[in-house]
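Q: To start, I am sharing the structure in question, which I have written as C-alpha cells.
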Amino acid sequence: MNAEFIEFLVKENALKFGDFTLKSGRKSPYFVNTGVICSGEGLDKLGQFFSDTIMKEGTAPIIYGPAYKGIPLAVAASVSLFRDHKTPNSWLFNRKEIKTHGDSGAFVGKLPEKGEEVIIIDDVFTTGGTKYESVELLESMGAKVKYLIIGVDREEKGESKNAVDEFVEKTKIPVYSIAKISDAFEYLKGKEINGKVHVTEELYASFQKYRDDYGN
C-alpha cells in the first residue's frame, strides 16, 4: 500500500468523498480526479509517483497519456523520469478531435516507430473503456504497448469479472497501479488528515455497499 500517495490525493482533493455519478452510470461514494492537481508543485509530485512506479516495472521510450487527464500525467512523468532517474524518454497524447490544418494529425508528441514500446499512463481504472481505445490507437500505429500504469485501481467488475483482469486477458497487456481503492479506504478509515476525518464509519459502510454491488 502506498500511504504517501493516498494522503497526497486526499490533500490535493483528487480523491473526493460524497455522492458521484460515474461515466458508467454507477453511483459512487468516492471519485478520483487527478485533473484537479494543477499547481506546479502538485503536478511535480504526481509525476514522481508515476515515474517511480515506471522505474520499478521497467521503462519504455514513449509515455502515452490519453486525452484529457492523461496528458499532464504523461508530461509530468516524462519530466520526472529524465530529471530524477536520468532516463531519456518522450511523451505522446491523442487529440479528441483530429486537427486538419497546420500540424495536422490525431497525436501530439513523439510518434512511435513500428515495434517501439509505449507505456500508457492514466489516473484511474473503472471499466477500462478509454484504455481499450488507447491500445487500439497505438497498435494501429505499429507501437507495442508494454504495460498500463494507473494511479488508482477502483477494483470494479467489468463484463463478468474484475475489469483489470478482463483487460489483461483480452489485450495481454499488464496493468500496474500505484494504489488500490480498498487499501485507500482501509488506510483512511477514521484517520484525520488536515484536521478532518474523510472516511467516517458511515462513508466506509457506503463504500462496502458499493463494493458489494460493483466490486470484484
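Q: Determine the alpha carbon to alpha carbon distance for each of Lys45/Lys191; Lys144/Lys191; Lys16/Lys86; Lys146/Lys209 and list only those over 31 Å.
A: Lys144/Lys191; Lys16/Lys86; Lys146/Lys209
Q: Could you tell me the distance between the Cα centroids of the stretch 2-60 and the stretch 129-174, to the nearest Å?
A: A separation of 18 Å, based on Cα centres.
Q: Sequence gap at least 6, Cα distance under 8 Å: using those rules, report the relative contact order of the stretch 3-214 to the nearest whole percent.
A: Value for the stretch 3-214: 17 percent.
Q: Sticking with this structure for a sec: May I ask for the percentage of alpha-carbon pairs in the stretch 128-178 that lie more than 15 Å from each other?
A: In whole percent, the long-distance tail amounts to 44.
Q: Please state the shape class of the stretch 166-216: rounded when a/c is under 1.5, otherwise prolate if a/b exceeds b/c and oblate if not, all from the C-alpha gyration tensor.
A: Oblate, because a/c is 1.5 or more while a/b does not exceed b/c.
Q: Subtract the Cα-Cα distance of Lys144 and Val168 from 0.36 nm times their separation in residues, and report this length gain in nm to one decimal.
A: Additional length available on full extension: 7.2 nm.
Q: Still on this model: Given Cβ point charges of +1 (Lys, Arg) and -1 (Asp, Glu) and nothing else, what value in debye, to the nearest 20, does the dipole of the stretch 3-214 about its Cα centre take?
A: It works out to roughly 300 debye.
Q: Shifting gears a bit: What translational diffusion coefficient, to the nearest whole µm²/s, does the stretch 102-198 have by Stokes-Einstein, given a Kirkwood radius computed over alpha-carbon pairs, a temperature of 37 °C and 0.692 mPa s viscosity?
A: 215 µm²/s
Q: Report the residue, chosen from Thr34, Thr59, Thr130, that carries the largest GNM mean-square fluctuation when the chain is represented by alpha-carbon nodes joined by springs under 10 Å.
A: So, out of Thr34, Thr59, Thr130, the one fluctuating most is Thr130.
Q: Multiplying the sequence separation of Tyr176 and Ile193 by 0.36 nm and subtracting their Cα-Cα distance, what value in nm do you get?
A: Contour length minus the Cα-Cα distance gives 3.5 nm.
Q: Something else about it: Mind checking which of Leu92, Leu73, Phe5 is farthest towards the positive end of the chain's charge dipole, using Cβ charges of +1 (Lys, Arg) and -1 (Asp, Glu) about the Cα centre?
A: The one lying farthest along the dipole's positive direction is Leu92.
Q: So what is the 222 nm mean residue ellipticity for the chain from helices alone, if each DSSP H run of at least 4 adds -39500 (n - 2.57) and you divide by all residues, rounding to the nearest 500 deg cm²/dmol?
A: Rounded to the nearest 500, it is -12500 deg cm²/dmol.
Q: Could you identify which residue out of Ser90, Ser51, Ser160 has the top mean-square fluctuation in a GNM of the chain using Cα springs shorter than 10 Å?
A: Comparing Ser90, Ser51, Ser160 in the GNM, the peak value goes to Ser160.
Q: Another one. Measure of size requested: the Rg and Dmax of the chain, with Cα atoms as the atom set and Å as the unit; please supply both.
A: Reported Rg and Dmax, both Å: 17.4, 55.
Q: Can I ask one more? Would you kindly state how much longer the chain becomes between Asp84 and Ala67 on full extension, computed as 0.36 nm times their sequence separation minus their alpha carbon distance, in nm to one decimal?
A: 3.6 nm
Q: Expressed in whole Å with the largest first, what are the equivalent ellipsoid semi-axes of the stretch 6-56 derived from the C-alpha gyration tensor as the square root of 5 times each eigenvalue?
A: 24, 13, 9
Bear in mind these aren't lab numbers, they're just calculated from the coordinates by the rules spelled out. Predicted, not measured: the structure shown is a model, and the values here were computed from it. Glycine also receives a Cβ, built like all others from the backbone with ideal geometry; neighbour counts cover every protein chain displayed.
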